[in-house]
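The values are calculated or read from the model by the stated rules, or taken from the named source; none is laboratory data. Model, not experiment: these values are computed from the prediction. Neighbour counts are summed over all protein chains in view; Cβ atoms, including those assigned to glycine, are modelled from backbone coordinates with ideal geometry.
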């Protein structure tokens, strides 16, 4: 495909994929509706809905358009080629110059149907453009690899350090709405470009959190990617006040208050996506530490099919979600995906015929056609007070963001016993501990036994990178971990590390679960206030699959690794000690 030949109107991606038979017309219609809600590119929506993979989309387009499919993991690009296209175009349109032969510049794109940008590159460079196609994730990884971010960050840091000011002036009111950080602004203050670059890089890498950590001599910036903290950069101590003040201004915090914790929110725009950031400031010995939680709705798994359940657990969870009344609790540590799973349950039962109300702190994602309430303890709008009001709103289903105290627990239990279906979360290590935690809060055992219809526990394990996955034969120590399991591996899978996964061998995460339903034996144990360990044994004896067992099944299926499952789950009695590197 050559730039000078582009004279016909742009053909739409969806129509091309339907013509090729990769997706159906009904699937395209569903994906377009989802795209309208999320504001994402159609290709990303198709991948998110599991209708296609990035590679299958790219291969299909390559075949339909008679252009080459380029596997960037197997290519090396010469430095002089990388300078042929302005870096701003490369980043904003997710494309990459591949090779230059004479006057012909080969460019790899994720959307080769975008004839306008092809014409723009032709105009900017003067070269004849020959288009190839690569999966978008490969392009993003290659752009990070070849262009990096350290130079951009360091340039911003150096400029800021050289032009350090006494204080950051307040910005005009327009900055308190949405911050467009998608493109650099040479006229902007250095601190603005630095903050924008840090946030943009974290979003591009699909990080869940950004940590701005003052130390004695430097400021350390780290982000959490697939559950693991990675260092992005270190900045001079001299820019600490400006960096923290800029973030607090964006989050509408009081920049003069440095002695007390504060919370705030920021909304940023990157390309076509609007992303919410939840900001927390905590005073430490060396200054205020800032943690930014990235709430990217495009990553939100709003269907039960995407949560990570296998067929058996999926049907069990769907049955619980369709119960007419009772309370279901999802447990796990912070960041384990509890809220995402409950949102998916709400989305599953949302049909226009039931009244669904949530009470959350904070409301992380907006779901159409349900009533979501943000608690405000500072003005007396607590979980308990909100729940009492909700019960006068004729609800069918209630989602409580978290049960934190006896009063909230008591009202939740009473709601479940008076004909309402209640979902909520608790911070416990496993499913069995949730019922004992309610009793420890002060709820009577007979109320717990009567109201609770099920408890789930989950963790998020990293997925093996699809671009560098290879099979291997497990050794005796690894096989021993499957002793007593219902699955026996012939071979296992792991990632070797590539551009796509930043040499980690993992891309993305999925959940492993255990779901405990209450039978007569467990009811009796609860009524006797038995310890969680005893209840857990009874649940396993009744057929409950533990999180470790669920994880090992995903290991055998090639979804994750033994190391991941061992890192995030507890040893059961009689299991061999953990091994590493398997």
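Laid out as a table, the results:
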item	result
Filter result for the condition that a residue is under 30 Å from residue 266 (Cα atoms) and over 29 Å from the mean Cα position of the chain (by Cα), over 367, 379	379
Pick from the stretch 470-498, criterion modelled with pLDDT under 90 and not in a loop (DSSP other than H, G, I, E, B), ranking: surrounded by the fewest Cβ atoms within 10 Å (Cβ to Cβ)	476
Of all residues making up the stretch 332-341, the number that are surrounded by fewer than 24 Cβ atoms within 10 Å (Cβ to Cβ) and over 15 Å from the mean Cα position of the chain (by Cα)	1
Filter pass, residue 47 being under 25 Å from residue 466 (Cα atoms) and at pLDDT below 85	yes
Residue list for the stretch 244-280, filter: in a loop (DSSP other than H, G, I, E, B) and farther than 24 Å from residue 88 by Cα	251, 252, 253, 254, 255, 256, 257, 258, 259, 260, 261
Check on residue 137, free of Cβ contacts under 8 Å to residues at least 40 places away in the same chain, surrounded by 15 or more Cβ atoms within 10 Å (Cβ to Cβ) and under 33 Å from the mean Cα position of the chain (by Cα)	no
Cross-chain or 6+ apart pairs with Cβ under 7 Å, the stretch 1-25 first and over 27 Å from residue 50 (Cβ atoms), then modelled with pLDDT of 55 or more and in a loop (DSSP other than H, G, I, E, B)	1/67; 1/112
One residue from 328, 317 being in the same structural domain as residue 455 (by TED's automatic domain parsing), assigned to a strand (DSSP E or B), crowded, with 21+ Cβ neighbours inside 10 Å and modelled with pLDDT of 95 or more	328
Strands (runs of 3 or more DSSP E) contained in the stretch 356-438 and holding at least 2 residues in contact with a helix residue (DSSP H, G or I) (Cβ under 8 Å, 6 or more places away or on another chain) and not assigned by TED's automatic domain parsing to the domain that holds residue 263	356-360, 397-400, 421-426
Any chance residue 356 is at pLDDT 95 or above, over 20 Å from the mean Cα position of the chain (by Cα) and surrounded by fewer than 22 Cβ atoms within 10 Å (Cβ to Cβ)	yes
Output for the stretch 399-417, where each listed residue is free of Cβ contacts under 8 Å to residues at least 40 places away in the same chain and over 29 Å from the mean Cα position of the chain (by Cα)	406, 407, 410, 411, 414
Hits in the stretch 256-284 (condition: surrounded by fewer than 18 Cβ atoms within 10 Å (Cβ to Cβ), modelled with pLDDT of 90 or more and closer than 18 Å to residue 199 by Cβ)	263, 278, 280
Which listed residue is without any contact (Cβ under 8 Å) to a residue 24 or more places away in the chain, within 28 Å of residue 366 (Cα to Cα) and not in a strand (DSSP E or B), from 59, 47	47
Failed criterion for residue 563 (all others in (1) in a helix (DSSP H, G or I); (2) assigned by TED's automatic domain parsing to the domain that holds residue 323 hold)	(2)
Hey, residue 210 in contact with a strand residue (DSSP E or B) (Cβ under 9 Å, 6 or more places away or on another chain) and modelled with pLDDT under 85 or not	no
